[in-house]
1. Please work out which residue is farthest from A252 (Cα to Cα), limiting yourself to the stretch 194-220 and to residues that are hydrophobic (A, V, I, L, M, F, W, C) and surrounded by 15 or more Cβ atoms within 10 Å (Cβ to Cβ).
2. Which residue out of T338, T321, T351, T328 is open to solvent by less than 20 Å² (accessible area, probe 1.4 Å) and among the polar types (S, T, N, Q)?
3. Are there any pairs, at least 6 apart or on different chains, whose C-beta atoms fall under 6 Å, with the first in the stretch 152-175 and assigned by the TED database to the domain that holds A202 and the second among the basic types (K, R), and if so, which?
4. Taking the stretch 257-310 as the region of interest, how many residues are of a type in the set (A, V, I, L, M, F, W, C), open to solvent by 70 Å² or more (accessible area, probe 1.4 Å) and over 25 Å from K346 (Cβ atoms)?
5. Only one of these conditions is not met by A243: (1) part of a loop (DSSP other than H, G, I, E, B); (2) in contact with a Leu (Cβ under 6 Å, 6 or more places away or on another chain). Which number is it?
6. What number goes with the only condition from (1) at pLDDT 90 or above; (2) under 14 Å from G348 (Cβ atoms); (3) crowded, with 16+ Cβ neighbours inside 10 Å that S401 does not pass?
7. Here are A290, A327: which of them is in contact (Cβ under 8 Å) with a residue 24 or more places away in the chain, not assigned by the TED database to the domain that holds F260 and not in a loop (DSSP other than H, G, I, E, B)?
Amino acid sequence: MSTTTTEALSATTLLRFATAGSVDDGKSTLVGRLLHDSKSVLTDQLEAVERASASRGQEGPDLALLTDGLRAEREQGITIDVAYRYFATPRRRFILADTPGHVQYTRNMVTGASTAELTVILVDARNGVVEQTRRHAAIAALLRVPHAVLAVNKMDLVDYEESVFAAIAEEFTAYATELGVPEVTAIPISALAGDNVVDPSANMDWYGGPTVLEHLETVPVSHDLAHCHARLPVQYVIRPQTAEHPDYRGYAGQIAAGTFRVGEEVTILPSGRTTRIAGIDLLGRPVDVAWTTQSVTVLLEDDIDVSRGDLIVPTKDAPATTQDVEATVCHVADAPLTVGHRVLLKHGTRTVKAIVKDIPSRLTLDDLSLHPHPGQLVANDIGRVKIRTAEPLPVDSYADSRRTGSFILIDPSDGTTLTAGMVGESFAAPEPVKDDPDGDGWDF
């Protein structure tokens, strides 16, 4: 393969990553520095930031303003919402999510990291690893983010001391290892001064590793579809019933994982009925094969009952259906989640009634110990739950499939998202689900 071809293929790879860390650790400044030094900022954007910075009495441009776009964010100097940005270098394309550091906005970090392949966790070199650093590391581990970067920021404020960096890197790496994080890369930086962000630092000759951008450009990103469990949640049933298409019946959705082929035997869940794929339409044209993230319409050989919320899977690789879901969750609502709580569980395109049958444990972030049977989870708590659903659900383990192994719990009274859940084992051993005699039409 020629060098030109290799470079062209490399340029097409996409890395989704998120920044996280405690408040004022410099996440938005790091993102702004990445955008600025990689020449990914338009001239009018930079001029607007320079004007805004000058109006606040700052000598140079405040690069954090490139991502902190809300008025409240700029006034308080903090990140509240998740800011998504796209940029590219000759070697790779990037989608980044700049997530908030404040404890009350931890739920937004869950959102930003849920699709990430790498998390950059920032630590203020003056403060070291703090509780919010641990919380974000735990969430990244729960979300099975395969790569983690520890960016020890503000090294200029500790005189670029190697010992400060080494102590923080050792503490965080030990904590991340206990969480099961597969890979941690520690990088000393100064986002404000630009040290080791895009260009190597002249102030830290003791560090011989990559810069942040160099690591982002070279970290392996696996898009191997061959080993994925093929899953297609049905979003919509298409029946034109026109003179041109009198008998057309297609099942539309975005492929959550794996690959589907014409002629393949598939099972419709939760009904369990089997048939074969008669055709696949992609962008209005028939294709023989379709794969992950493509939005397609599947035609089946047999006229069977398929509706929104059903899951199309290969018969030879069908997940088991269950009404008892055990999961690790991050509670994101202000109101607590309690045993006996009546909720709606949204899994893929399907939403069903459910009851929280038990909360076996809550995770203590300082030492990763488990507080048994806390009775409830409050905002930003991480714990284990056991849920009974009104209807069987075809769920995968989150470790096997991030798309079909995840769910959210919703308050049925107002539609508020309560909890983000990851199916399967994580921090606690499973315990038997206890029967709840309470009724009200919610006991299944």
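1. We begin by selecting, within the stretch 194-220, every residue hydrophobic (A, V, I, L, M, F, W, C); these are 197-198, 202, 204, 206, 212-213, 216, 219.
Filter once more, so that each one left must be surrounded by 15 or more Cβ atoms within 10 Å (Cβ to Cβ): 197-198, 204, 212-213, 216, 219.
Numbers: V197: 43, V198: 43, M204: 54, V212: 40, L213: 38, L216: 35, V219: 34 Å.
It comes out as M204.
2. It is T328.
3. Qualifying pairs under 6 Å: L157/R126.
4. Residues of the stretch 257-310 of a type in the set (A, V, I, L, M, F, W, C): 257, 260, 262, 266, 268-269, 277-278, 280, 282-283, 287, 289-291, 296, 298-300, 304, 306.
If we keep only those that are open to solvent by 70 Å² or more (accessible area, probe 1.4 Å) too, we end up with 283, 291.
Applying the additional criterion that residues be over 25 Å from K346 (Cβ atoms) yields 283.
Result for the stretch 257-310: 1.
5. (2)
6. S401 satisfies every listed condition except (1).
7. Details: A290 fails: not assigned by the TED database to the domain that holds F260.
Being in contact (Cβ under 8 Å) with a residue 24 or more places away in the chain, not assigned by the TED database to the domain that holds F260 and not in a loop (DSSP other than H, G, I, E, B) holds for just one of A290, A327, which is A327.
Yes or no, residue by residue, for (1) more than 30 Å from I359 (Cα to Cα); (2) of a type in the set (F, W, Y); (3) out of contact with any His (no Cβ under 8 Å at 6 or more places or on another chain):
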site: L269; (1), (2), (3): no, no, yes
site: S295; (1), (2), (3): yes, no, yes
site: R308; (1), (2), (3): yes, no, yes
site: P319; (1), (2), (3): no, no, no
site: A327; (1), (2), (3): no, no, yes
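The values are calculated or read from the model by the stated rules, or taken from the named source; none is laboratory data. Small disclaimer: the values here were computed from a predicted structure and weren't measured. As a convention, Cβ positions derive from the backbone with ideal geometry for all residues, glycine included, and neighbour counts pool all protein chains shown. Quick note on the areas: whole protein, heavy atoms, side chains included, nothing else; ligands and nucleic acids left out. Shrake-Rupley method; radii C 1.70, N 1.55, O 1.52, S 1.80 Å.
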